[in-house]
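Take a look at the structure set out below.
What follows is calculated from the coordinates using simple rules that are stated; it is not laboratory data. Since the structure is predicted, the reported quantities are computational estimates derived from the model, not experimental observations. All Cβ positions, glycine included, derive from the backbone under ideal geometry; neighbour counts span all protein chains shown.
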Amino acid sequence: MKKPKVFVTRLIPEDGLKLLKEYCEVEVSDYDGVIPRELLLKKVKGVDGILSLLTDIIDKEIMDSAGPQLKVISNYAVGYNNIDVEEATRRGIMVTNTPGVLTETTADLAWALMMAIARRIVEGDRFVRDGKFRGWEPMLLLGTDLYGATLGIVGFGRIGQAMARRALGFNMRVLYYSRKRVSEELERELNATFVDLETLLKESDFVTLHVPLTRETHHLIGEKELKMMKKESYLINTARGPVVDEKALVKALKENWIRGAALDVFENEPQVEPELLELDNVVLAPHLGSASYATRTRMSVMVVENLLKALKEEIPPNLVNTEVLKKKG
């Protein structure tokens, strides 16, 4: 029996690829970096499945190039705004993602960024490496305490709630803003208070973003919102880059509307607003949210399990477009 053909847009951990190669004819992109559009159009021709990354734009043109036998687009990410899900559904193509597995890892990274910017760790590291350290000084690189501070969490899904759990250990007051309020029981468990966005911005010492990228959340944090924040506060973004207006953020950091920011994602990724690179009061990370050995390996297995289920005409455990099932009867 002929094996289904699958194209993998970039090398992922071996555990997932090994499983995939047992059942499919697999080609993995050998391009060093995000695969160029023209090459992607060529490589997907005739495939039954595409294993994509968040950096790959999978739209109508890509689906046309793949052909009518394309059954599944399995995204190696929680987010899937890189895929035209509506078009995929119209064609009866299943779209899947990898939720849940990276919740704690991403929360760890967000917390690490928060501590790094608050305690000026990156500045301190550079200070020592530059040979400027002459010994303890009472006014050297003073930072901000997390313990007992107010944490504002924008988006209270899995990762936002994981941040709230971490805040318990730091005796923080937790405010959250989300489309839907969680149960009173969960609020008590996490010691979290539901507020509107304006209240959260005005009262929080640290504002951390955990929302998906949608029309409503694009530039959710802009000049107006940054001016609402305390002058001593910090903004942390591990969600999606376009949630923050980077030009407004540069202005806020330069003019001291807020004390600092830490970013793992960027508005025009992988490009970074040039002025951000010149500032000391911002910590910049190269999209490391899920970057642990264990998590990336588990993601590789999950993305393949999703893909294989779809190729077998079964319902994948992480099907994004459940509407597609109606088309399949």
key: Charge dipole (the chain, unit charges on Cβ, about Cα centre) - positive-most of TRP257, VAL128, PHE206   = PHE206
ask   = Taking the Cα-to-Cβ direction at VAL272 and at SER292 and moving 7 Å from each Cα, how far apart do the two end points lie in nm?
value = 2.4 nm
inquiry  = Between 0 and 90 degrees, rounded to the nearest ten: what's the tilt of helix 14-23 against the longest Cα principal axis of the chain?
reply    = 20 degrees
request  = Mind listing the long-range amide H neighbours of ALA149? Cut-off is under 5 Å, sequence gap 5 or more, other chains count too, H placed in the peptide plane at 1.01 Å from N.
outcome  = ARG173
request  = Taking every pair of Cα atoms in the chain, average 1/r, invert it to obtain the Kirkwood radius, and report Rg/Rh to two decimals.
outcome  = 1.02
remark   = Rounded to whole angstrom, the alpha-carbon centroid of segment 54-104 lies from that of segment 130-151 at a distance of 45 Å
key: Calculated FRET efficiency for the pair VAL195/TRP136, C-beta based, R₀ 35 Å, to 0.05   = 0.30
note = Once amide hydrogens are built 1.01 Å from N within the peptide plane, the residues lying 5 or more places from VAL8 or on another chain with amide H under 5 Å from its amide H are GLU27, VAL28, SER29, LEU51
task = Apply the Karplus parameterisation 6.51 cos²θ - 1.76 cosθ + 1.60, with θ equal to phi minus 60°, to every residue of segment 125-138 and state each ³J(HN,Hα) to the nearest whole Hz, in sequence, with x for glycine and proline.
result = 4, 5, 4, 5, 4, 7, x, 8, 6, 10, x, 4, 9, x
message = Restricting to bridges with both residues inside segment 40-131, how much of the DSSP beta-bridge set is antiparallel, in percent to the nearest 5?
response = 0 percent
key: Percent RCO, i.e. relative contact order, over segment 130-179, from Cα pairs under 8 Å lying at least 6 residues apart   = 41 percent
ask   = So for segment 79-223, Kirkwood radius off the Cα pairs, Stokes-Einstein at 37 °C and 0.692 mPa s: how many µm² s⁻¹?
value = 186 µm²/s
request  = Would you grab the residues whose amide H sits under 5 Å from the one on ILE83? Only those 5+ places off in sequence or on another chain, please, with H modelled 1.01 Å from N.
outcome  = ILE58
query = Roughly what % of Cα-Cα distances in segment 176-253 sit above 17 Å, to the whole percent?
reply = 48 percent
request  = Could you tell me which of LEU142, ALA110, ILE83 has its Cα farthest along the dipole of segment 72-157 towards the positive end, charges placed at Cβ (Lys, Arg +1; Asp, Glu -1), taken about the Cα centre?
outcome  = LEU142
note = In deg cm²/dmol, rounded to the nearest 500, the helical mean residue ellipticity at 222 nm of the chain, built from -39500 (n - 2.57) for every DSSP H run of length 4 or more, is -10000 deg cm²/dmol
inquiry  = For the chain, give me the percentage of DSSP beta bridges that are antiparallel, rounded to the nearest 5 percent.
reply    = 5 percent
